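Visitor: Have a look at this one.
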Amino acid sequence: MGGNEPTKNTRRRQQNRKRKQPAAPKEEPRLTCYVCFTNVNHAFAFQLFTTITVNEPAPGLKTIFNFRIPDQRSGKVEVQYVHGYSGISTSVGLTANPIVNFSGVLGTDVLAIGSELSYDTKIGEFTKYNAGVNFTKADLVASLTVTDKGDTLNASYYHLVNPLNNTAFGAEVTHSFSTNKNTLTLGSQHALDPLTTVKARINHSGKAHALIQHEWRPKSFFTISGEVDTKSFEQSAKIGLGLALKP
């Protein structure tokens, strides 16, 4: 009996500590505002951009209110729901004839299917409907999308050949049903060392683009790029320099 008392006391203390632990605080609604001043015809005007976010009124749910002052027609409410690998988002303008937007995605860590729609209640028509499917693995990403109200079909493929030197190849094909035109772009990249990367691409019309990028300090990059039309080398060559600095 005596040997069991320390164990009982230990369990009792652990249970008491669990009871005393406060519950995770519920995130309060967040208000974000900023003011924009503009000069129109030598007269100053201002707009107050306001966003109110209500996080998780129910599990996985988020509500966002957006509006601009003094624009009375700018109000919009958006509702988002996320659960696992699926999510939906719906927004409605706070006007007499609002535009209703809907987007959703459903899938797994490998395959995802999504779509987005926009409906104008004033004219009674869909102004946007797009859909796509995406396949992702550790070394490749492939996607197929239909955009522009079903007029444009786009397929893309990215394959990581060698993770050690970040060597990868990619391709993108686009077809327009209304014009019956196709575009093709091929690209690749390769890391010369951990801080220097070379990238290149060429499209179906013969325009080639290449760059070399060096990270000379953390998050800061120096880039040299060039572009040329392989059908007209003398007239189309371009060279550019870029510098990106981040604190």
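Visitor: With an 8 Å Cα cut-off and a minimum separation of 6 or more residues, compute the relative contact order for region 137-247 in percent.
Guide: Contact order relative to length: 14 percent.
Visitor: Need one word for region 137-247: rounded, prolate or oblate. Basis is the Cα gyration tensor (sqrt eigenvalues a ≥ b ≥ c); a/c below 1.5 gives rounded, then a/b vs b/c decides.
Guide: It comes out oblate by the Cα gyration axes.
Visitor: To continue, here is another question. Using a 10 Å cut-off on Cβ atoms, rank the peptides 181-194, 230-243 from the highest mean neighbour count down.
Guide: 181-194, 230-243
Visitor: Using the beta-carbon distance between residue 32 and residue 231 and R0 = 51 Å, what value does 1/(1 + (r/R0)^6) give for FRET efficiency, to the nearest 0.05?
Guide: The formula returns an efficiency of 0.50 here.
Visitor: How far apart, in nanometres, would the label points at residue 246 and residue 109 be if each is projected 7 angstrom from Cα along the Cα-to-Cβ direction?
Guide: Taking the two extended label points, one gets 2.6 nm.
Visitor: Would you calculate the separation in nanometres between label points at residue 73 and residue 152, each defined as 7 Å from the Cα along the Cα-to-beta-carbon direction?
Guide: The two pseudo-label positions are separated by 2.7 nm.
Visitor: Could I have the simple spin-label model distance between residue 223 and residue 56, label points 7 Å from Cα toward Cβ, reported in nm to one decimal?
Guide: 3.8
Visitor: Give me the net charge of residue 236's neighbourhood, meaning all other residues with Cβ under 11 Å from the Cβ of residue 236; Lys, Arg count +1, Asp, Glu -1.
Guide: Value of the local net charge: 0.
Any read-out appearing in this document is the output of simple, stated calculations on the displayed coordinates, not a laboratory observation. The model shown is predicted, which means the values in this text are computed figures rather than measured ones. All Cβ positions, glycine included, derive from the backbone under ideal geometry; neighbour counts span all protein chains shown.
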